[in-house]
Amino acid sequence: MDRLISLEPSNLVAVRIEPGQKCCGELTLRNVMYTMPVAFRLQPVNKGRYTVKPQSGIIAPLGTVTVEIVYHHLPPGYSLHDSFPLSDDSFLLHSVVVPGAAIKDSTSNVHAVPNDWFTAKKKQVFIDSGIKIMFVGSPVLVQLVMDGSMDGIREVLERSDPAWNPADSVDSQGQTLLHIAIAQSRPDIVQLLLEFEPDVEFQSRSGSTALEAAAGFGEELIVELLLAHKASTERSEFSNWGPIHLAAVGGYIEVLRLLLLKGANVDALTKDGNTALHLSVEERKNDCTCLLLANGSEPDVRNARDGDTALHIAAGLGDEQMVKLLLQRGANKDIRNKKGKTAYDVAAEYGHISLFDALKLGDNLCLAARKGEVRTIQRLIEKGAVINGRDQHGWTALHRASFKGRIDAVRMLIDKGIDVDSKDEDGYTALHCAVESGQTEVVELLVKKGADAEARTNKGVTALQIADSLHYAGISRILIHGGATKDGMPQAVVMPVSIPFENGKMGKEIETKAALMQRRPSRARALRGSFDRSLPLAVI
């Protein structure tokens, strides 16, 4: 027989340390004798550091006694041993068989057993020195996470009392273990902690969740781990910014992509009323801006403080590339902020001359060209309007003037150096537009000024094919004289005609064919000449 008492659940006692609380652990002693009571005495070698309650007692046959081991706080300047979280402190457990001994309540008197029972030579006393201490608790786990000790973290988590969730431990600054691991850039520790099911929505003292912290640090792998454990993509109650805002501000495009794939609200607001788009534009994060817009971010949302849209912010920064990107994605340049200013007004306030054309002058130039207002065209060009600039529908001023037959405007624009062969997004040149609307004088002028009579649209249609299909014989002769040929002319030419909605967006297409034109050429001609293909009906 090598021992009278077994230790449960093992010889390792987990002592929980928490600031301002009693630091203690429990050990259960079991009498392995079937018929004899056994006396025990448990003593720490370092008596100034531990208190044992009860220190001694008698255990009935096959009975148990639970012993509390109380740890006294470390004195100032004392450092933990290298074996931390294990302690090298030791305990001596004396046990002896005591036939016929009266069994008392061992918890009522820690000195229930005389000390000489464990020293008398006539009795066989067993001494067990295998009891060890492991420190658990929040400070222990915090230190282990900061040290990056994977084995230590796992062992402490497994040894901790399941009545409290050790994975939710916090440090003195209110940071959870997850927050600490994220700040350490340790996805392996985060994955280990997640095995023990911490509250992923727990907010630190600063108000951020683990996902918000990971997004703010650009920790792509950690973000993916947290999302896999159902972490919310929305801004937490006490946080100023949500994960999507933090990723956008930091320019962490892969993190942003993960959040959007998991259903993050692309237009979610910060506490002060900005969207992620506002923030990415302000921080000049072009890739994130493109991703947000591609995922449906609304460019015309006004923030709460100033009523600024993303376009106002880009204009204030003088960010020409961002302004053009937002305009391409449909940003409304006429929205006014709380001070009553448009994006153009903001650009003008800060002297960003390079933005004037995109934000105002270009549209005004196209409008003046469409109306044939030569003096206005001259004035706008002098103010800095880009002569080859395009409006939001991809047309230059020459397209507009040519379609409307404004011969004087066309002549001035050409004299000012405008590109006569510039194409819109459908491949239409000003010559195509003039032919389509039956503007003979403009066609003749364009050809005379060197316009490419053989230019084709994206669908391969030439100006001559349009003229022939619409039975514009005079225009066809001008084009042929200018170098146009009928080689490869299809038998039925399909030409899209787009009827715009009132808001200026392109409407459905009406396809007209040569056969239709032959049956009802007058109707087709009237249809062609009655509207501008991509302007609102209200301004035609």
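The values are calculated or read from the model by the stated rules, or taken from the named source; none is laboratory data. Since the structure is predicted, the reported quantities are computational estimates derived from the model, not experimental observations. Quick reminder, even Gly has a Cβ in these numbers, built from the backbone with ideal geometry, and neighbours come from all protein chains shown.
Here are the numbers for this structure:
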| quantity | calculated |
| --- | --- |
| From 376, 342, residue being surrounded by fewer than 21 Cβ atoms within 10 Å (Cβ to Cβ), among the hydroxyl-bearing types (Ser, Thr, Tyr) and in the same structural domain as residue 418 (by TED's automatic domain parsing) | 376 |
| Matching residues, the stretch 11-22, being of a type outside the set (D, E, K, R), surrounded by 13 or more Cβ atoms within 10 Å (Cβ to Cβ) and modelled with pLDDT under 90 | 11, 17 |
| Residue check for residue 451: within 20 Å of residue 422 (Cβ to Cβ), in a loop (DSSP other than H, G, I, E, B) and in contact with a helix residue (DSSP H, G or I) (Cβ under 7 Å, 6 or more places away or on another chain) | yes |
| Residue within the stretch 212-219 that is out of contact with any His (no Cβ under 6 Å at 6 or more places or on another chain), part of a loop (DSSP other than H, G, I, E, B) and in contact (Cβ under 8 Å) with a residue 24 or more places away in the chain present | yes |
| Residue match in the stretch 343-350 (condition: in a helix (DSSP H, G or I) and closer than 30 Å to residue 261 by Cβ) | no |
| In the stretch 380-399, the residues that are surrounded by 15 or more Cβ atoms within 10 Å (Cβ to Cβ) and either outside any loop (DSSP other than H, G, I, E, B) or free of Cβ contacts under 8 Å to residues at least 12 places away in the same chain (or both) | 380, 381, 397, 398, 399 |
| Flag if residue 479 is in contact (Cβ under 8 Å) with a residue 40 or more places away in the chain, in contact with a Leu (Cβ under 9 Å, 6 or more places away or on another chain) and in the same structural domain as residue 426 (by TED's automatic domain parsing) | yes |
| Single match in 219, 237 (criterion: among the acidic types (Asp, Glu) and surrounded by fewer than 16 Cβ atoms within 10 Å (Cβ to Cβ)) | 237 |
| Among the residues listed as 422, 402, the single one being in a loop (DSSP other than H, G, I, E, B) and among the hydroxyl-bearing types (Ser, Thr, Tyr) | 422 |
| Candidate set: the stretch 351-371, residues that are under 31 Å from the mean Cα position of the chain (by Cα) and in a helix (DSSP H, G or I); chosen: the one surrounded by the most Cβ atoms within 10 Å (Cβ to Cβ) | 355 |
| Filtered residues of the stretch 353-395 (kept if of a type in the set (D, E, K, R) and farther than 21 Å from residue 336 by Cα) | 370, 371, 373, 375, 379, 382, 383, 390 |
| Residues (part of a loop (DSSP other than H, G, I, E, B) and within 8 Å of the chain's Cα centre (by Cα)) located in the stretch 234-275 | 252, 264 |
| Cross-chain or 6+ apart pairs with Cβ under 7 Å, the stretch 126-137 first and farther than 15 Å from residue 83 by Cα, then hydroxyl-bearing (Ser, Thr, Tyr) | 126/95; 129/90 |
| Residues satisfying the stated conditions in the stretch 240-274, i.e. at pLDDT 95 or above, among the charged types (D, E, K, R) and farther than 21 Å from residue 222 by Cβ | 267 |
| Considering residues of the stretch 301-330 that are assigned to a loop (DSSP other than H, G, I, E, B) and touching a helix residue (DSSP H, G or I) at 6+ places or on another chain (Cβ under 8 Å) only, the residue surrounded by the most Cβ atoms within 10 Å (Cβ to Cβ) | 309 |
| Filter result for the condition that a residue is under 56 Å from the mean Cα position of the chain (by Cα) and free of Cβ contacts under 8 Å to residues at least 24 places away in the same chain, over 6, 10 | 10 |
